[in-house]
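Nothing in this text is a laboratory measurement; each read-out follows from the coordinates by a stated rule. Just so it is clear, the structure is predicted and the values come from calculations on it, not from any experiment. Cβ: placed from backbone, ideal geometry, glycine included. Neighbour counts: every protein chain shown.
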């Protein structure tokens, strides 16, 4: 899900809730009592969410500046995708390095074993 889509949906939801709040003010008291608190809580939550979106946007701009990217063109989704790809490749490289190390250890052990067997064989041939 794209950040800008989430932000737009939250904005739309906030507008709809504000409309509901206006209609609720014109409604009978029993409806105000029944739904007033939930509408106010939802409005408060959506306003908090809007603040979080603004914070994320500021951090995105800081990151764009740090990475020398255009603030308007940089996409958080692309940044996260790149980070995910880097992590996957890094972990793969670690695994490959570990496998190479294990293979080298096995190879060295096998060489020592063969050298020992050759020495025994030579000793056996000359010992007869």
Check your understanding: Quick one: in the range 1-47, which of the residues that are under 31 Å from the mean Cα position of the chain (by Cα) and part of a loop (DSSP other than H, G, I, E, B) is surrounded by the fewest Cβ atoms within 10 Å (Cβ to Cβ)?
Key -> 1
Review point. When you go through 96, 61, 102, 117 one by one, which is the residue that is within 27 Å of the chain's Cα centre (by Cα), over 16 Å from residue 4 (Cα atoms) and surrounded by 10 or more Cβ atoms within 10 Å (Cβ to Cβ)?
Key: 96
Practice item. Could you list all residues from the range 69-106 that are in a helix (DSSP H, G or I) and either in contact with a helix residue (DSSP H, G or I) (Cβ under 9 Å, 6 or more places away or on another chain) or within 16 Å of residue 58 (Cα to Cα) (or both)? Key: 76, 77, 79
Point to revise | Residue check, residue 50 within 30 Å of residue 12 (Cα to Cα), in contact (Cβ under 8 Å) with a residue 40 or more places away in the chain, more than 18 Å from the chain's Cα centre (by Cα) and surrounded by 10 or more Cβ atoms within 10 Å (Cβ to Cβ) | key: yes
